[in-house]
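Visitor: What follows is a single structure, and I will ask about it in a moment.
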Amino acid sequence: MATIVYTNAKVLYGGHNLSGDHNELSLDYASEMQDVTAFGDSTRINTGGLTTASVSGAGYWNGGTNNADATLFELVGDDLEPLTVFGNGITEGAETGAYSMKAVIENYNLGNTVGDMLTFDLTAQGRGVK
Amino acid sequence: MAIVRAIALKDATGTALTSCGTGTAFDIGGVSAGQSLYAGLHVLSSSTGGLLVRVQGSSSSGFGAGKFTSHVAFTERSCRNGQWATPLTTGTVTSTFQSFWRAEWGMTTSGESYLMLPWMSIE
């Protein structure tokens, strides 16, 4: 069983390596269920529809040129950048826990309570792979 | 399909490349009927000049002269950038069966330096 302790995720968005700014990163890959239940069926029948993918992340606000804040603020709504995530570091030639999609950043949120670190979270939605 | 499993062909995210070269050849497999070859590039730093990156396939790991094909050629870049190549199908990967793949990179002038990561996927 190849399990890992999640300590070395990487996230590349276009020309930016945002790995060091994140402390949470998750990928959601799903198929939209379509209900095709008909008279005579005794259970709900679903069939797979369009697939969807999204990446959500969170971390510490990091200001300054080319750092996470400047990068993410400018890229909200941008739909030109590939987003690639690695679950356990980068290993050349290995198909292990690395995923990529065309992505658009849906939201970039900042904030926290007084006395705590200023943090951010974001969500990027997939735009397919064609 | 909304996302692909990526295989890094060259990890230059931590140490910059400063000269032309090729990456290790990996036996990833051929593009079978119904599959597509996907490729992307992250250029993570800027330099004066231009970075050219290609994804090449060959039937042998040696990538001998005249025995490989450049299937994907990313647009030359000198600044931070991401690119998603147009996917290739069996109809466009027209050479004979090629299971070995590698990245090749070139720079237009001397003294350039780039952090970058090209990847590919066959799905």
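Throughout, read-outs are computed from the coordinates displayed, never taken from laboratory work. None of these values were measured; they are calculated from a predicted model. Backbone-built Cβ (ideal geometry, glycine too); neighbour counts: all protein chains shown.
Visitor: Compute the normalised compactness of chain B: alpha-carbon radius of gyration over 2.2 N^0.38 Å, N being the residue count.
Guide: For chain B, the normalised Cα radius of gyration is 1.03.
Visitor: Under a straight-distance cross-link criterion of Cα-Cα below 20 Å, which aspartates and glutamates are reachable from B:Lys10, leaving out those fewer than 8 residues away in the same chain?
Guide: Hits, sequence-local ones excluded: A:Glu81, A:Glu92, A:Glu95, B:Asp27, B:Glu76, B:Glu104, B:Glu112, B:Glu123.
Visitor: Taking R0 as 41 Å, what's the FRET efficiency between A:Asn46 and A:Glu24 from their Cβ-Cβ distance, rounded to 0.05?
Guide: The formula returns an efficiency of 0.85 here.
Visitor: Averaging the inverse of every distinct alpha carbon separation and then flipping it gives the Kirkwood radius. What is it for the range B:1-56, in angstrom units?
Guide: Working: mean 1/r = 0.0718 Å⁻¹.
For the range B:1-56, the Kirkwood estimate is 13.9 Å.
Visitor: Cut-off 10 angstrom, C-alpha nodes, Gaussian network model of chain A. Which of A:Gly97, A:Gly49, A:Gly89 fluctuates the most?
Guide: Its mean-square fluctuation being the largest, the pick is A:Gly49.
Visitor: Here's a follow-up. Would you mind telling me which residue in A:Glu95, A:Glu106, A:Glu24 has the biggest mean-square fluctuation in a Gaussian network model of chain A, where springs connect alpha carbons within a distance under 10 angstrom?
Guide: A:Glu95
Visitor: A follow-up question, please. If one computes P(r) from the Cα atoms of the protein assembly as shown, what percent of pairs lie at distances over 30 Å?
Guide: So the pairs more than 30 Å apart make up 32 percent of the total in the protein assembly as shown.
Visitor: Step through the residues of the range A:92-109 one at a time and calculate ³J(HN,Hα) from phi using the Karplus curve (6.51 cos²θ - 1.76 cosθ + 1.60, θ = phi - 60°), rounding each to whole Hz and writing x for Gly and Pro.
Guide: 4, x, 10, 9, 10, x, 10, 9, 9, 8, 6, 9, 10, 6, 7, 8, 9, 10
Visitor: List the relative contact order of chain B as a percent without decimals, with contacts defined as Cα pairs under 8 Å and 6+ residues apart.
Guide: It rounds to 49 percent for chain B.
Visitor: Looking only at other chains, what is the average number of their beta-carbon atoms within 10 angstrom of each beta-carbon in B:3-16?
Guide: On the way: counts 19, 8, 6, 12, 8, 14, 2, 3, 7, 2, 6, 2, 0, 0.
Average neighbour count from other chains, rounded to a whole number: 6.
Visitor: Could you tell me how many cubic angstrom of Cα convex hull volume the range A:21-130 has per residue?
Guide: Here the figure is 178 Å³ per residue.
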